[in-house]
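Heads up, the thing below is written out as structure tokens.
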Amino acid sequence: MLSLASTPAYLDVANSHWLWLSTLPVVLVVLLQASIFLRRAWSDGKEMGLSEEQLRSGFKTGVISAIGPAVAVLVGMLALIATVGGPVAWMRLSVIGSVAFELPAAELGVSQFGYSLGDENISETAYATAVWTMTLGGTGWLLFSAFGTPHMEKLRQKMGNGREKLIPVISSAAMLGAFAYFLTGEVAAGTPETGSVATGGIVMLILLRIADERDVQWLREWALGTAMIVGLVVGVALQVTVGSWW
Amino acid sequence: MSGNESHASTDGGTNVYEDSFIPYVNAWGRRTNLLAVALSFGPAVVLLTVFDIAPPTEAVTSAFVAVAATYGIFWFIEPISYYPVLGIPGTYMAFLSGNISNLRLPCAAAAQESADVQTGTSEGSIISTIAIAASIGVNTTLLGVGAFALVSAFQALPELWRTALGSYLVPAVFGAIFAQFGRDYPKVAGVGFVLALAMTMLLEGGFLGFLPGYPLYVVIIVSVFGTILVARWMWENGMLEPPEES
């Protein structure tokens, strides 16, 4: 809407029915994989002694927790829609990618012709180069996960020195290390981001504590969803009031 | 509730997981991910065949080389680093569907908390499979509807809230998941945070410049595997207690 008056010509191609059609098969594969894994996990999970409530609770929490981040992805998708069109943006963010990878990859593609994303006169060839670059760049993760995943268990056993009890410790440590890395990147970004990180953490601690003490199951399912909304509000409040100190 | 009497069936449960679930997942995970590699070329091929737009090979090659130089290391580092949390099925699904740190990992972790299973166990892996499948359904649908219909609605949002959704929701998710795991292992959380913060500051201060490329990958490796190694050392020296059963 914003830039309707000056829509670059290549976007006619980028938003055509043909491109929508071309993105459908791969998105369907993602949904197909998710549904066959889901069915199998459900039946094998029951056989392993997980209760129906546990399985349901896992599913419900997955849905609730996904809504907020998916809306955030949608906002990031706006930038991608404006530059590579709706279909490719939808496909790249439903399959394989994230805004953090796809935007720079597209930029590297069009930059081969001296353009920058957002330029109005980007040629169709430059656009096609961006599409090829995103596609080829994204295959690395897929190929490595397709061939490497069965072997990763050995690596993990090695980290645990073969001791069963150590595995949950190792896994939690990996998670803490990964999220420490994610959140320090946000802390470095500014005061509002830092406030949002801290608020998310504190709200989560409080909610899980209440849930444990009074054994409120629905609170556990909504804990992450609530923490992100409160964190978002605090981030905005800090941006409006104190701005960023660094 | 059924946990007490089903101690004898724990072995049986592990066998269903190892002998039935995992072989099935490996077979179908590889097939679907490779199929997705092929189908992800859909838009590029349609541009080539339907619209007759063929980008010069040199441009695609040089853009791809630039992408591989920047992101190539992550094709390997990310699957290996997130594997302990995602498990085998989660690794196939998450690297096929993308948006791992902001969507898949948090959903899997929150679901494991609400279903009361431990990260890194077979039961944890079943629940994370279910939660990731659920999150894939949510985000594909939401982005699909969004790409068609919600773009104009979002553009009508005030600038402040648009940047807020893009900037402050995800940090809160990072803080919340970090806190969730930190509850069980506060000492490991402290170690992870200090390691990641120190590495991020070294990176921002330019002290890692002697390493090839943009050395963000070092920050990930040290944060994840450094935290794992310290946690293992602490466990071996009796400094860690298993989380209380609630």
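The values are calculated or read from the model by the stated rules, or taken from the named source; none is laboratory data. For clarity, every value in this text was computed on a predicted model and none was experimentally measured. For neighbour counting, all protein chains shown are included, and Cβ atoms are generated from backbone atoms with ideal geometry for every residue, glycine included. These accessible areas exclude ligands, DNA and RNA; they are computed on the full protein's heavy atoms, side chains included. Shrake-Rupley method; radii C 1.70, N 1.55, O 1.52, S 1.80 Å.
Quick check: Cα centre of region A:75-129 to Cα centre of region A:202-223, how many Å? Result: 41 Å between the Cα centres. One chain, two ends: B:ALA38 and B:GLU241. Fully extended at 0.36 nm per residue, the span grows by 68.4 nm beyond their Cα-Cα distance. Other residues lying with their Cβ under 14 Å from the Cβ of A:GLY138 contribute a combined charge of -1, Lys and Arg counting +1, Asp and Glu -1. Summary: within chain B, the longest segment free of chymotrypsin sites (Phe, Trp or Tyr not before Pro) located in DSSP loops with at most 13 other C-beta atoms within 10 Å is B:1-206.
For chain B, complete DSSP H runs whose alpha carbons reach 20 Å or more along their own long axis and whose mean Kyte-Doolittle score is -1.0 or higher are B:22-39, B:57-97, B:122-145, B:159-184, B:186-204. Fully extending the segment from A:LYS154 to A:ASP12 would add 46.2 nm, taking 0.36 nm per residue of separation and subtracting the current Cα-Cα distance. Both chains summed, the buried accessible area for A and B stands near 13700 Å², from protein heavy atoms and a 1.4 Å probe. For chain A, complete DSSP H runs whose alpha carbons reach 15 Å or more along their own long axis and whose mean Kyte-Doolittle score is -1.0 or higher are A:17-47, A:52-84, A:99-111, A:124-159, A:166-189, A:191-214, A:217-241.
Applied to region A:113-119, the Karplus parametrisation 6.51 cos²θ - 1.76 cosθ + 1.60 on θ = phi - 60° returns per-residue 3J(HN,Hα) values of 10, x, 8, 10, 4, x, 4 Hz, with x for Gly and Pro. Remark: spin-label model distance B:THR61-A:GLU52 equals 6.2 nm, labels positioned 7 Å along the Cα→Cβ axis. Working note: Cα gyration tensor of region A:91-227, eigenvalues times five, square-rooted, sorted largest first, giving semi-axes of 38, 25, 14 Å. Computed in the context of the full set of protein chains, the accessible area of chain B at 1.4 Å probe radius has 64% of its extent on carbon or sulfur. Calculated [222 nm] ellipticity per residue, helices only, for chain A: -28500 deg cm²/dmol; basis is -39500 (n - 2.57) per DSSP H run with n ≥ 4, divided by all residues, nearest 500.
At a Förster distance of 41 Å, what's the computed FRET efficiency of B:TRP233 paired with A:SER244, Cβ-Cβ distance as r, to 0.05? So, using R0 = 41 Å, E works out to roughly 0.65. Using a 7 Å offset from Cα along Cα-Cβ at A:LYS165, what residues in region B:166-197 end up with backbone N under 17 Å from the label point? Hits in region B:166-197 for A:LYS165 at 17 Å: B:185.
Counting only protein heavy atoms and a 1.4 Å probe, chain A has 40 square angstrom of accessible area per residue. For chain A, the alpha carbon positions stretch 60, 49, 34 Å along the principal axes, listed from largest to smallest. In the context of the full set of protein chains, residues of region B:84-128 present 12 Å² of accessible surface per residue (probe radius 1.4 Å, heavy atoms only).
In chain B the Cα-Cα distances spread across 10 Å bins starting at 0 as 6, 20, 31, 27, 12, 4, 1 percent of all pairs. Relative to its Kirkwood radius, the Cα radius of gyration of the protein assembly as shown gives an Rg/Rh of 0.96. Relative contact order, whole percent, for region A:94-246 stands at 17, derived from Cα pairs under 8 Å and 6 or more residues apart.
Placing B:ARG104, A:ARG214 in order of accessible area, with the largest value first and a 1.4 Å probe, yields A:ARG214, B:ARG104. What the Cβ-Cβ distance of A:LEU28 and B:ASP52 gives, at R0 = 22 Å and to the nearest 0.05, is a FRET efficiency of 0.25.
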